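Readers should treat all values here as calculations from the given coordinates under stated rules, not as data from a laboratory. Only a predicted model underlies this, so the values are computations on that prediction, with no experimental measurement involved. Because the Cβ atoms are built from the backbone with ideal geometry, glycine has one as well, and the counts that use them run over all protein chains shown.
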Amino acid sequence: MSFRRRRKRKDRRKFRGTYLIPNLITTASLFSGFFAIVASINGRFESAALAILVAMVLDGLDGRLARLTRTTSGFGVQYDSLSDLVAFGVAPALLVYLWALQGFGRFGWVAAFLFVVCGALRLARFNVQTGSIDPNYFNGLPIPAAAAFVATGVLFYLHLGWWTSLRHIYVLVMIYVLSFLMVSNLKFYSFKKPDLFKRHPFQTLVAGVLIFVVVATEPYFMGFILTAAYVASGIVSTYYFYSRPPVTGKTEEEVPSPKPSNP
């Protein structure tokens, strides 16, 4: 009896509750992903794509808010990963399958499943590698970026009104490429340390305003271009990562890492 009591007390010390605000934001991201699934089933592909993008914004907010307020926790990390698998794995895979891949039969649903399983592998690898790799880079394409590329691609095609057989072939190839990029060893910049609260040259502010104006003018087109540029940046980031001189002093294993976000 005494052993059981000591074990129960130890379990209570391990889990004393959760931080409310970050986990509520994670729940909102999960809700957006679930809404995208329902909208895809009902044939509302534009609403589904927009919901995935909303989930991506919320997923970025919960991690940054948890780091700023020092409310990170192991529970939040695991909950965030499960939410990401639904919002950025299952939701975009179902969206792209119902939108463009049904006509390919087995190749279509296998591509959608490959996207989900590679996203799950990507999240699992990210969680176990946290703290042992450079926090400025992601090892493999982050699953929110892959989902954003799918969502902005759908919005771009719907905005242009293209409906050709070639589009389906491009989408099928795109899903296979995105799946393998997520489990690859290419390096993608993480944008975890943008230094937004430090002084920058005036030209930086002007460039930011111009980018905002261009995106606001053509959001569907520029959204697709920006996400495509990030996906393509993996080659440049990988070259820069391996060509830079080795850092003396602390190793990558000794560099503290923040709460996983936007894996």
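The packing ranking, built from the mean of other Cβ atoms within 10 Å per residue, places the peptides 132-138, 50-56 in the order 50-56, 132-138, highest first.
Of the peptides 140-147, 202-209, 37-44, the ranking by mean beta-carbon count within 10 Å, highest at the top, reads 140-147, 37-44, 202-209.
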